Amino acid sequence: MKFRVFSTVVLAALFAAVGLFWLPEASSAAPIEFRMNVTTSESSVWMVGAKEFKRLVEEKTGGKYLISIFPNEQLSGGDLVKGVEMLFTGVTDVDIHSVINMTGFEPRLTVVTMPWLFPKGYESVDEILFNGEGGKRIRGLVEGKGAHVLGMGENGFRQITNNVRPIESVADMQRLKIRVPPITMYVDLFKLFGADPTAMSYAEVFTALQQGVIDGQENPLDTIRSAKIQEVQKYISIWNYSYDPIVLSVSKKAWARVADEDKKAFEEAGEAAMKAQVVASRAMDADILALFEKTMQITKLTPEQVAEFQKAAAPIYQQYKDKIGADLLAAFGYTF
């Protein structure tokens, strides 16, 4: 028995030496890593899209590409604007950012965030943005800055919270110190409402609310929840005043690293991942409001109350007509 074992070992060594003994060859090629920057936390609904994109790309390409996800703007040190710049310059590979944070690089992108642009809510969003001319124009503007769009998702409609009083009318906005994104349109709009808008990094908002530096803030429901804003605010008003789309894109430099035969897999993965993200985002709205109801007073504005705010906001369209372009506004259904 010992002789047979020894003979087998010796023969195997001899066959291997002369190339007659075949063993399966392990692949020596390491996966191509793409680093993915995501603005929000691990618990955000944005991560539904990020994780699904990662799964699909790695699955469709047989592990040829590895998508490494970095939530909370880790790659840009928490700086949203820097994160967008890093995408457009190719420092980061893949990215999910709100269109709002891209407006500083392409002012015409402001169009999609204009107040009450989508009269029928999500129905209008689907018709104009996801399946219409408006969405095509947004993709083109993003791609013109140095990124290739793989899919569009949503952060949802932005709502307003504060610690002073329920907001039901324009009069209720007077002198409220409201944090808004560092975007000129939002600052100008809240001035029209009589508020005192304060542009501030979102990373500072929770502490500023907790310490009373500001009275309130405005954001989509899931962003409010994931940052636990409901723990330091008394009132929330549901007014759907501004829509917040997000974009999954890959830098042009990274896109050039994707082999031609693999580009279709990335395209399909991006579209499927963001469709899943949209479904998950909309399904969460009711649950989030139920959570907020435990600690905040919820006010849902009536159509008449919304109409008062729309009237107050109307001058903003004329003010931004030249910056955005009447043709682009028309693509979203707004005409002068």
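Odds and ends about this structure:
- Here Lys234 is the anchor, and the lysines within straight C-alpha reach of less than 17 Å, apart from those fewer than 8 places off in the same chain, are Lys177, Lys294, Lys300.
- Among the listed pairs Lys54/Lys264; Lys54/Lys145; Lys136/Lys253; Lys60/Lys264; Lys82/Lys253; Lys145/Lys252, those whose Cα-Cα separation exceeds 19 Å are Lys54/Lys145; Lys136/Lys253.
- Placing R0 at 35 angstrom, the Cβ-Cβ distance between Ile298 and Glu143 gives a FRET efficiency of 0.35 after rounding to 0.05.
- Toward the positive end of the charge dipole of the stretch 31-331, with +1 on the Cβ of Lys and Arg and -1 on the Cβ of Asp and Glu, the farthest Cα among Leu87, Trp46, Leu56 is that of Leu87.
- Residues Ser242, Ser68 in ascending order of nearby Cβ atoms (within 10 Å, fewest first): Ser68, Ser242.
- Among Ala254, Ala227, Ser242 - extreme Cα towards positive end, dipole of the stretch 220-261, charges at beta-carbon: Ala227
- Subtracting the Cα-Cα distance of Gln310 and Phe206 from their residue separation scaled by 0.36 nm leaves 34.6 nm.
- Within the chain, percent of DSSP bridges classed antiparallel, to nearest 5: 55
- Cα-based reach from Lys64 at 20 Å (exclusive), listing aspartates and glutamates while leaving out same-chain residues under 8 positions away: Glu25, Glu33, Glu52, Asp93, Asp95, Asp260, Glu261, Asp262, Glu267, Glu268, Glu271
- Debye, to nearest 20: dipole size of the chain, +1 on Lys, Arg Cβ, -1 on Asp, Glu Cβ: 540
- 12 Å beta-carbon shell around Ser201, net charge (K/R +1, D/E -1): -1
- Estimated purely from DSSP H runs of n ≥ 4, each contributing -39500 (n - 2.57), the mean residue ellipticity at 222 nm for the chain is -12500 deg cm²/dmol once divided by its residues.
- Straight-distance crosslink candidates among aspartates and glutamates, where the alpha carbon sits under 18 Å from Lys228 and sequence neighbours closer than 8 are dropped: Glu42, Glu73, Glu204, Asp215, Glu218, Asp285, Asp287, Glu293
- Kyte-Doolittle at least 0.5, axis length at least 18 Å by Cα - qualifying DSSP helices, the chain: 2-17
- Extension gain for Lys275 to Glu231 (0.36 nm times residue separation, less C-alpha to C-alpha distance): 12.8 nm.
- Over the stretch 61-196, the alpha carbon radius of gyration divided by the compact-protein estimate 2.2 N^0.38 Å works out to 1.23.
- Dipole of the stretch 124-176 [Lys/Arg +1, Asp/Glu -1 at C-beta], most positive-end residue of Gly146, Gly156, Pro166: Gly146
- A simple spin-label model places pseudo-atoms 7 Å from Cα toward Cβ; at Arg257 and Arg282 they are separated by 3.5 nm.
- Projected area averaged over orientations for the stretch 31-331, convex hull of C-alpha atoms, nm²: 14.2
- As a rough footprinting exposure proxy, the listed residues Val279, Val232, Val142 were ranked by other beta carbons within 10 Å of their own, and the order from fewest upward is Val279, Val232, Val142.
- The stretch 36-55 and the stretch 129-181 have Cα centres spaced 19 Å apart.
- Taking the Cα atoms of the stretch 192-305, the ratio Rg/Rh between the radius of gyration and the Kirkwood radius comes to 1.09.
- Residue exposure sequence - Tyr65, Tyr243 - by fewest surrounding Cβ within 10 Å: Tyr65, Tyr243
FYI, it's all coordinate maths here, none of it is from the lab. Since this is a predicted model, take the numbers as computed values, not measurements. All Cβ positions, even for glycine, are placed from backbone atoms using ideal geometry, and neighbour counts span all protein chains on display.
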